[in-house]
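Here's the structure we're looking at; comments come further down.
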Amino acid sequence: MSLSPEVRRGGGLPFGQVVSQWVCDPRYTTNLRTLYTILVTYADIGARDTAKGKPYRPELAAQLGVSVKTLDRTLLEGECAGILHIERRTDPSNPKLNDSSVYHLRDAEFWRGEWTDPLAPGQTAAEAASAVVAARVEAKRKAGITPKGGRRKAKPEARARGGVTHDATPDGGGWRHG
């Protein structure tokens, strides 16, 4: 049986209700604020026929207008900001696929007065997410895990010129002004 991703929110909130403080908070990236509102539209659709599909990561990324990798960074920002919690589930029919997550929105906690802001004063969600990523990278480095893939090393002549392998300007190198 294949799992489907879901968006859940508690508290019996009306469909489409958002926390305007989160949507207007400049500590959250525009991507995060937009993603939150997109996820709200997916919440509790089991009770309504919205003709909307399932919130698979590629679908969310397309709606947000970003790559799946950028979506993943934005989801991490949302977790760091306390807006959502992600229950990561792998698909039993394809264990390498991790698109069947359950996104738990924490806005009902906000409306009940139970939500506490996890960000330090003056800290942005992106900064908190970057710190989490850096800690993960450092933990892997200490454990002796080396990164797979990455960028190819530049050719020696490219490194000597700061990474440029050829003249990329259409007029042969200099801007010509009339």
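The values are calculated or read from the model by the stated rules, or taken from the named source; none is laboratory data. What you are looking at is a predicted structure, and each value in this text was computed from that prediction instead of being measured. Cβ sites come from the backbone with ideal geometry, for glycine too, and all protein chains shown count toward neighbours. The area values use the complete protein model at the heavy-atom level, side chains included, leaving out ligands, DNA and RNA. Shrake-Rupley method; radii C 1.70, N 1.55, O 1.52, S 1.80 Å.
Just one of the numbered conditions (1) open to solvent by 60 Å² or more (accessible area, probe 1.4 Å); (2) at pLDDT below 95 is not true of Thr41; which one? The failed condition is (1).
Restricting attention to the stretch 17-37, the residues that are free of Cβ contacts under 8 Å to residues at least 60 places away in the same chain and of a type in the set (A, V, I, L, M) total 2. Being at pLDDT 90 or above, under 25 Å from Pro95 (Cβ atoms) and of a type in the set (D, E, K, R) is the requirement here; does Asp25 meet it? When the stated conditions are applied, Asp25 does not pass them.
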